[in-house]
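Worksheet: the structure to be examined is printed underneath.
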Amino acid sequence: MQKYQQRVIKELKKLEKKADKLQSFINSDDCPLIEGSEELDLLVSQLHSMWVYASILKRRIQRFEAAVGPETSEPVSRTSPKDEELFSSMGIVKVENGDVEAALGRIFDIVKQKVQEKKDGKSTQED
């Protein structure tokens, strides 16, 4: 396995640990934020973005493993949510026929649209 591929695996593991900690904080009694607050909404959005990023890294790693064979690579962490569970829990898109790539594309389109709306000064409060 190439060094950059090993770095991607390490990056995924670190990202999953950080996401798990953030999720634990959001779900804990120590979280001082109230439901519906902008700060909590931002933390939840950050967490969802982290899981989407982890999903992308996992897909890259699967491609590495397919190229060299799983026996020569370090195993991928399986602690993050399954892709389909992730996208359905986000409430943004539905994974149809197991097509995670298409779901990612729709998520990226939604994010681009929201960024453009912010630039144009349109309110996205009701989204």
Given the condition within 9 Å of the chain's Cα centre (by Cα) and either at pLDDT 85 or above or not assigned by TED's automatic domain parsing to the domain that holds K10 (or both), answer yes or no: does some residue in region 32-46 qualify? yes
Quick one: is K13 within 12 Å of the chain's Cα centre (by Cα) and in contact (Cβ under 8 Å) with a residue 12 or more places away in the chain? no
Of the conditions (1) among the aliphatic types (A, V, I, L, M); (2) assigned to a helix (DSSP H, G or I); (3) at pLDDT below 90, I56 clears all except one; give me its number. (3)
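The values are calculated or read from the model by the stated rules, or taken from the named source; none is laboratory data. These numbers were taken from a predicted model, which means no experiment stands behind them. Ideal geometry is used to build each Cβ from the backbone, glycine not excepted, and the neighbour counts take in all protein chains shown.
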